[in-house]
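The values are calculated or read from the model by the stated rules, or taken from the named source; none is laboratory data. Keep in mind that what you see is a predicted model, and the values were worked out from it rather than measured. Reconstructed Cβ throughout: ideal geometry from the backbone, glycine too, with neighbour counts over all protein chains shown. Ligands, DNA and RNA are stripped out before the accessible areas are found, and what is left, the full protein with its side chains, is counted by its heavy atoms. Shrake-Rupley method; radii C 1.70, N 1.55, O 1.52, S 1.80 Å.
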Amino acid sequence: MPTSTAGLLHFRRPTVDDAAMLLAWRTDPRIAQYMYTEVEHDMERQRAWLTNLVERSDHRAFVIGSAGCWIGFLAYSSIDWHNAHCVAGSYVSVRDTPTRAASYLFWYVMDYAFHRLEMNKVISEVLDTNTQMLRSLRLLKQPEVGVRRQHVRKRDRFHDVYVFEMLREDWVVRPRLFPLDQTLSAFEVVP
């Protein structure tokens, strides 16, 4: 159970012990419908994936906690340390989520990417069917830079992927919703 003095959200590194929880979320149709791929309910494969995840230098992942429960998963993938960019993606379990926590996630995600990972650019990719996330990113004014037409095939149907990018120089001049020390202290320190 998460405890945090950092406000609404708390982030810790996933472990193999999280396999069942993460797999239940990832295979939940309400989450899976918005993912590029669908995964089978295979616990051994999930454990192997989590073991590999911790060892990868191009990936940083966290379990998201709020209000005394674990509510979702955050991943920074395709981390290019030389060119200082990455893809950020998350999902939040609809049933377990305190309403306000999910809406504040964006600030934590961006602050960690720019101030801890020291990225210059954060990319968000959203499947065309995820209209709620598309609306949210547009409301948050994350710059939309393009569409990858018919980029993902799911169940014999091609889907467009909308691409958003946030540059560090644009992020740091935005009005702050939370103090930087609050958002950064919400994350478990990664060696």
field: Accessible solvent surface per residue of the chain, calculated while the other protein chains remain in place, 1.4 angstrom probe, Å²
entry: 55
- line: GNM of the chain, Cα pairs under 10 angstrom: of Q142, Q33, Q132, the biggest fluctuation goes to Q132
field: Calculated Rg and Dmax of the chain using C-alpha coordinates, Å
entry: 16.1, 46
- prompt: Taking the chain as a Gaussian network, where each spring joins two C-alpha atoms under 10 Å apart, which residue of R60, R26, R45 fluctuates the most?
  reply: R45
query: Ignoring ligands, DNA and RNA, what percent of the accessible area of the stretch 39-90 is carbon or sulfur (1.4 Å)?
result: 48
message: So if each residue of separation counts as 0.36 nm, and I subtract the Cα-Cα distance between R116 and R148, what length gain in nm does that give?
response: 8.6 nm
task: Select from D17, D160, D80 the residue whose mean-square fluctuation is largest in a Gaussian network model of the chain (Cα-Cα springs shorter than 10 Å).
output: D17
query: Given a Förster radius of 22 Å and the C-beta distance between A67 and S103 as r, what FRET efficiency does 1/(1 + (r/R0)^6) yield to the nearest 0.05?
result: 0.95
message: Once neighbouring chains are kept in place and the probe is 1.4 Å, which whole percent of the accessible area of the stretch 126-191 is contributed by carbon and sulfur?
response: 51
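Rounded to the nearest 500, what is the 222 nm mean residue ellipticity of the chain from helices alone, with -39500 (n - 2.57) per DSSP H run of 4+ residues and division by all residues?
-9000 deg cm²/dmol
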